[in-house]
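Comments concern the structure below.
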Amino acid sequence: MLDLNKYLTDCFSPVYRQIVSSCYTSEDDERANGSSPLRVLEGAERLIKEELVRCIWFGQHIKKDKLFTDDGLRIEILSPGWWNSEGGPDFRHAEILLEGKGLVKGDVEVHVLTSDWKRHQHEKQHTYDTVCLHVVMWNDSEGEKITNCSGQGIPQVTLSKYLDAELDEIIDVINVAACLKDGKVNPGHCQTAMDNHKADEKWLGSFLDFAGDERILQKAKRYEQWVEKRPFEQVLYEAIMESLGYKNNKEPFLTLASRLSLEDIRYLIPEDASVQRKKMAIQSLLLGEAGLLPHQGNAISSRDKETEEYICSVEDAWCELQKKTGRASMERKDWNYAGIRPANFPERRIAAIANILSACSSLSIFRHILSVLEKVEGCQEEQKIMKTFPEHIQSLFLDISDSYWSHHYTLQGKKLAKPVKLLGKERVSHIFINVIIPILLVYARRHHNTKWEKILHLTYRNYTPLPGTSVTKFMSSRIFGQPDAPKKLITSARRQQGLYQVFKDFCENDNMSCNRCALYLSIGKR
């Protein structure tokens, strides 16, 4: 097995990338048809398994109201079709509305790349003459027409342009096991290799640790590009807003944060206002800018006295604030309410961020978090750092309450018998791991502050794992032969994120197989 002890480190390091690189020769890369594992890690040639693309299509994880074919025709999906488990097109009896043609019925064929149509020689197979739509994740043959055996053109939709969330988040909510293995996940070669080479859990844990570091480094790389264009405090604010939108409203929340920057909010909200006044003013500003106030199209038939007073307050405040913004607001149709629990509706998320901002000096969450870092910097006890650092930061998100929204899901519903938190612990943990840590890492490295990086790394490698997902269950079945990984092994968010990284780079990748997986190859190295 590859000796991992020599890589031991107390900061975020590219060890996983080095391990992956050491597993391949240039000859290996050539045999992979140009899909180098390193290039996959860079995201330059990200390929996923065709089965996953089919799941995304069947589940319609796309912006269906903004869909166009690759040659610019408006298209509406009435039915994605019936899943075909036999030979021929992937989906039977689909129904679409196509600009210029009206209702079109037929079959749908799904591929990862446009070029897969010809690679599979479908243009020579009469079985595929019934295909009315070709669906791909990426178009690698721009300008090239897809035709059937009769030479007739087939319209094509490229899903990557219309995904309703990041690919990783979509994969989180679909049944990965069912997509990749017909509902059953067989143990991978990595499990057999671990038995044959007597790889212990300590070795595997170390490998997942390094893979978990790589996942944070990739997230940090994304935010580093943001920081090139705007200040750290605005980047953190936008990233938190994006995360508050989760899968359904990620884009509109990010749009709202960029339209109404922290600098804009500071200009519009007096610094010397009381915390309660700031809460109400920021809510009015964000709800109004988002187009979610009742007078902007969300008519409410019946209102109790408390709701009437709240609406009057926010709408009166918005009328004054809008005079200063001087621009048109977003619209209610920009927001997605389908499949969202009322507790997580955009209005409550906006109330949450308004409460969080008002609790911070100068409305800066970033400055607040830096002050927490400065306080724990002088602490010598690791146990105390691991406990107090995340607790003090997360308390800013968890210990908030709102006189109205803590007791209501919507402006139309009845008052709740008991107050409900504006943000749950799972969402706050997600923000802490996937947003705050990588952005602080970028900041620490830019300021050459190795002590802060060590604090972040110490916290990350000891942070309790988040609730399991279809991806972690799939990976646990592949590696351990059971859907739940041993709790004594997946002891931290770092190792859990490592499962995601291995899945992303190898298990979900259509150009990778077990005998090219870095985990499998590392076990066999002596």
In the range 285-337, the GluC sites (Glu not before Pro) that fall in loop regions by DSSP, at most 10 other Cβ within 10 Å: none
FRET efficiency estimate (nearest 0.05) - Cβ-Cβ, Lys161 to Lys105, R0 25 angstrom: 0.55
In Hz, Karplus ³J(HN,Hα) per residue of the range 368-374 (6.51, -1.76, 1.60; θ = phi - 60°; x = Gly, Pro): 4, 5, 4, 5, 5, 4, 5
Where chymotrypsin sites (Phe, Trp or Tyr not before Pro) fall in DSSP loop in the range 129-232, at most 16 other Cβ within 10 Å: Tyr162
Residue-normalised accessible area of the chain, given per residue in Å² at a 1.4 Å probe: 45 Å²
State, as an integer percentage, the relative contact order of the chain based on alpha-carbon contacts under 8 Å between residues 6 or more apart. 20 percent
Pairs Lys221/Lys504; Lys375/Lys488; Lys6/Lys202; Lys161/Lys221; Lys375/Lys421: which exceed 25 Å Cα-Cα? Lys375/Lys488; Lys375/Lys421
Which value in nm describes the separation of the simple spin-label points at Glu426 and Phe68, placed 7 Å from the Cα toward the beta carbon? 3.7 nm
Given 0.36 nm per residue, what is the gain on full extension from Lys387 to Cys319 after removing their alpha carbon distance, in nm? 20.0 nm
Sequence order, the range 106-117: Karplus ³J(HN,Hα) from phi using 6.51 cos²θ - 1.76 cosθ + 1.60, θ = phi - 60°, Hz rounded, Gly and Pro as x, gives x, 9, 10, 10, 10, 9, 6, 10, 4, 5, 5, 4
A 1.4 Å probe over the protein heavy atoms gives the range 363-477 a carbon and sulfur accessible-area percentage of 51 percent
Carbon/sulfur accessible area of the range 106-151, % of total, 1.4 Å probe, equals 47 percent
Run through the range 70-146 and list the GluC sites (Glu not before Pro) located in a DSSP loop whose Cβ has at most 16 other Cβ atoms within 10 Å. Glu86, Glu99, Glu142, Glu144
For the chain, what class follows from the C-alpha gyration tensor (a ≥ b ≥ c being the square roots of its eigenvalues): rounded when a/c is under 1.5, otherwise prolate if a/b is larger than b/c, else oblate? oblate
Gained length - Ser21 relative to Ser395, 0.36 nm times residue gap less alpha-carbon distance: 130.6 nm
Electrostatic dipole magnitude of the chain [Cβ: Lys, Arg +1; Asp, Glu -1; Cα centre; debye, to 20]: 1160 debye
Report, in deg cm²/dmol and to the nearest 500, the calculated mean residue ellipticity at 222 nm for the chain, where each DSSP H run with n ≥ 4 adds -39500 (n - 2.57) and the sum is divided by the residue count. -14000 deg cm²/dmol
Amide H within-cut-off set for Leu67, under 5 Å, with H built and near neighbours excluded: Ile75
Which of rounded, prolate or oblate describes the range 156-243 when judged by the alpha-carbon gyration tensor and an a/c cut-off of 1.5? oblate
Between Ser261 and Arg327, what is the label-to-label distance in nm when each label sits 7 Å out along the Cα-to-Cβ direction? 1.0 nm
Cα→Cβ-extended label distance, 7 Å offset, between Glu271 and Arg367, nm: 0.7 nm
Quick one: which residues, 5+ away or cross-chain, put their amide H under 5 Å from the amide H of Cys517? H built at 1.01 Å from N. none
Once the piece of chain linking Ala178 and Thr9 is laid out straight, how much longer is it, given 0.36 nm per residue of separation minus the C-alpha distance between them? 57.1 nm
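The values are calculated or read from the model by the stated rules, or taken from the named source; none is laboratory data. Nothing here was measured: the structure is a model prediction, and the numbers come from that model. Neighbour counts are summed over all protein chains in view; Cβ atoms, including those assigned to glycine, are modelled from backbone coordinates with ideal geometry. The area values use the complete protein model at the heavy-atom level, side chains included, leaving out ligands, DNA and RNA. Shrake-Rupley method; radii C 1.70, N 1.55, O 1.52, S 1.80 Å.
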